[in-house]
Amino acid sequence: MSGAQYALTGRLSVALPPEEAFTLFTPRGEERWVDGWRPHFPVPAEDDSAPGTVFETVFQTGGQGERTIWVVAERERGRRVSYARVTPGSRAGTVTVEVGGDGERGSTVQVTYELTALSPEGERTLREFADGYPAYLASWEAAVTRHLGSQPPDAATRS
């Protein structure tokens with residue numbers, strides 16, 4: 001196997017101040033806006049973004065469930081969280097989300113995936129992911145915007 005490695009970074013805007021926007025990118029926070037995102041915690045996790053927290057997700061891809069194991073590697077509360085992730089037999093690496101103010105009431109969120117293929121299938125999957133990364137982050141922005149628009153007018157400030 002020749003292997004493949006990708007470092008992909010992009011940005012999206014969120015119409016919330018950084019502290020509130022950050023909560024949307026924690027394991028439980030993503031449940032609010034990502035279709036099919038249902039993190040499973042093998043042990044209770046009161047603070048789901050605390051370093052060392054382990055959780056799993058299963059997504060349907062190509063008619064099969066794809067299991068990924070996640071570990072919160074580091075966190076600066078309200079600003080940055082980094083996850084180590086492994087999809088057995090496919091790919092492994094890190095995902096880092098950094099949230100900063102955009103000078104108004106909103107936030108700019110930078111998302112960096114650093115992934116390595118673990119198999120030829122993982123290499124194909126990563127190549128497709130890399131090719132579609134800008135559209136992928138655009139879909140995140142659209143999903144977050146839809147989620148925020150579906151809340152009562154003052155709910156975004158109470159999250």
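Quick look at the values:
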item: Of all residues in the stretch 20-47 being touching a residue at least 60 places away in the same chain (Cβ under 8 Å) and assigned to a helix (DSSP H, G or I), the one that is surrounded by the most Cβ atoms within 10 Å (Cβ to Cβ); result: Ala21
item: Qualifying residue in the stretch 52-65 (condition: closer than 27 Å to Pro120 by Cβ and charged (D, E, K, R)); result: yes
item: The stretch 50-61: number of residues that are buried (at least 20 other Cβ atoms within 10 Å of the Cβ) and not hydrophobic (A, V, I, L, M, F, W, C); result: 2
item: First in the stretch 59-78 and assigned to a loop (DSSP other than H, G, I, E, B), second anywhere and modelled with pLDDT of 80 or more and not hydrophobic (A, V, I, L, M, F, W, C), Cβ under 8 Å, 6 or more apart; result: Arg77/Ser49; Gly78/Pro18; Gly78/Glu19
item: Tally of residues being within 10 Å of Ser107 (Cβ to Cβ) and charged (D, E, K, R) across the stretch 12-44; result: 2
item: Filtered residues of the stretch 105-150 (kept if closer than 17 Å to Glu66 by Cβ, touching a helix residue (DSSP H, G or I) at 6+ places or on another chain (Cβ under 8 Å), part of a helix (DSSP H, G or I) and of a type in the set (A, V, I, L, M, F, W, C)); result: Phe129
item: Flag for Gly132 being without any contact (Cβ under 8 Å) to a residue 12 or more places away in the chain, over 13 Å from the mean Cα position of the chain (by Cα) and closer than 21 Å to Tyr6 by Cα; result: yes
item: Among (1) at pLDDT below 95; (2) surrounded by fewer than 15 Cβ atoms within 10 Å (Cβ to Cβ); (3) touching a strand residue (DSSP E or B) at 6+ places or on another chain (Cβ under 9 Å); (4) charged (D, E, K, R), the one test that Arg127 misses; result: (1)
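The values are calculated or read from the model by the stated rules, or taken from the named source; none is laboratory data. All figures in this text were calculated on a predicted structure; none of them were measured in a lab. Heads up, the Cβs are rebuilt from the backbone with ideal geometry, glycines too, and the neighbour counts pull from every protein chain shown.
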